[in-house]
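Data block below; observations after.
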Amino acid sequence: MRRRLPVWRSLAPEFSVDPRFVTVAGLIAAVALGMVFESPRPEKPVPAWWGIEEAAVDLDADAPSVSKPTDVVLVPESAAKLSAIFRRIGYRLEAIRQGARPVPRVFVTVMPADMLMLDSVEHRKTVFFKSMLPLILHVNEEIVEQRQRLLDLQKRIRADQELSTGERLWIEDMADLYEVKSAGADELLRRVDVIPPSLALAQAAEESGWGTSRFAQKGKALFGQRTFHQTSGLVPAERPDGERHKIKSFGRLLDGVHSYARNLNIHPAYRQFRKVRAALRAQHGEETMIDGLTLAGTMLRYSERGADYVRTIKIIIRANELDQFDQARLGTLDPGA
């Protein structure tokens with residue numbers, strides 16, 4: 001019998017679980033500025049809400065449309081060609097900052113190997129932000145969906161309304177996923193919440209050298225997460241003698257973003273992050289994106305640099321005006337695609 005949370009104990013005596021699988025569309029073949037389209041393949045089975053549905057888009061057209069957005073997965077041949085694709089589909093950060101347009105649902109699987117070959121630091125930063133922002137927003141989109149369903153079910157429970165077996169099972173699945181073992185519904189909601197894009201972008205930039213580090217290039221790892229599993233990960237070049245940790249590696253960039261978000265949402269080291277986020281949520285409500293600059297102050301344990309690391313993250317957020325992306329949203333999926 002599955003473990004059940006005390007707070008939900010009265011909801012269901014016992015039930016079985018039917019396997020649920022995510023189906024990912026097949027390869028998308030297209031030729032456009034030397035780009036290759038590929039179906040994302042996670043390293044291991046993931047929850048159904050983790051997947052990306054794909055659809056082909058004609059990038060050879062004179063004016064590619066983003067008015068009916070669909071999820072497109074890109075494997076870039078080069079940084080310059082990736083930048084060209086972004087321009088052709090009208091992906092402009094300034095328009096995103098102003099709230100004039102949503103972020104296109106274009107998901108890059110790897111960082112281009114020649115990021116350092118771009119003609120300027122600003123160009124490299126722009127390509128980096130454009131590559132990472134849709135991935136971060138996609139993960140947040142999934143978390144928002146989970147959180148809203150939890151809030152709705154919580155309201156029904158408080159109103160003494162009976163939940164279905166499927167709804168009770170789903171709550172237990174969320175408790176398992178977010179490793180809530182003995183606390184109540186409030187702790188689960190504290191963990192099922194978004195990561196501010198400004199914070200995620202700044203940490204990814206700092207930890208990966210703007211997508212140029214060995215970990216970013218070889219391991220699709222942009223957040224410097226450690227692992228002690230001997231069969232996975234990359235060994236840091238300057239790892240002290242006697243240390244056993246590696247830097248966790250992934251099959252695609254999206255997997256690394258998922259892992260980063262889950263790390264902040266469940267690890268004891270980031271309890272203060274979740275506490276401050278919950279306070280901001282209580283103050284501003286469900287409809288407002290949480291302030292990343294404020295939450296950057298809770299990242300003291302993310303790096304051995306402590307306070308210096310926090311200062312660096314705040315500088316990156318301010319210098320690049322990343323707080324303007326905290327209100328960004330992905331384009332709405334076209335139901336007819």
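Structure summary
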{"quantity": "Hits in region 271-288 (condition: surrounded by fewer than 19 Cβ atoms within 10 Å (Cβ to Cβ) and within 24 Å of L133 (Cβ to Cβ))", "calculated": "V276, L280, R281, H284, G285, E286, E287, T288"}
{"quantity": "One residue from D241, D255 being in a helix (DSSP H, G or I), at pLDDT below 95 and either out of contact with any strand residue (DSSP E or B) (no Cβ under 9 Å at 6 or more places or on another chain) or within 21 Å of S131 (Cβ to Cβ) (or both)", "calculated": "D255"}
{"quantity": "Evaluation of H138 against (1) free of Cβ contacts under 8 Å to residues at least 60 places away in the same chain; (2) farther than 18 Å from S213 by Cα; (3) surrounded by fewer than 22 Cβ atoms within 10 Å (Cβ to Cβ) (one fails), failing number", "calculated": "(1)"}
{"quantity": "Qualifying residue in region 173-193 (condition: touching a residue at least 24 places away in the same chain (Cβ under 8 Å), buried (at least 20 other Cβ atoms within 10 Å of the Cβ) and among the polar types (S, T, N, Q))", "calculated": "no"}
{"quantity": "Close pairs from region 201-227: first within 21 Å of D323 (Cβ to Cβ), partner among the charged types (D, E, K, R) and part of a loop (DSSP other than H, G, I, E, B), Cβ under 9 Å, at least 6 apart", "calculated": "F223/K248"}
{"quantity": "I316 being farther than 30 Å from P76 by Cβ, assigned by TED's automatic domain parsing to the domain that holds A216, within 20 Å of the chain's Cα centre (by Cα) and in contact (Cβ under 8 Å) with a residue 60 or more places away in the chain", "calculated": "no"}
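Okay, residues lined up against (1) at pLDDT below 95; (2) more than 30 Å from D176 (Cα to Cα):
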residue: R41; (1), (2): yes, no
residue: G51; (1), (2): yes, no
residue: V57; (1), (2): yes, yes
residue: V108; (1), (2): no, no
residue: H123; (1), (2): no, yes
residue: I136; (1), (2): no, no
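The values are calculated or read from the model by the stated rules, or taken from the named source; none is laboratory data. Owing to the predicted nature of the structure, the values given are computational and were not obtained by experimental measurement. Note: ideal-geometry Cβ built from the backbone for every residue, glycine included; neighbour counts use all protein chains shown.
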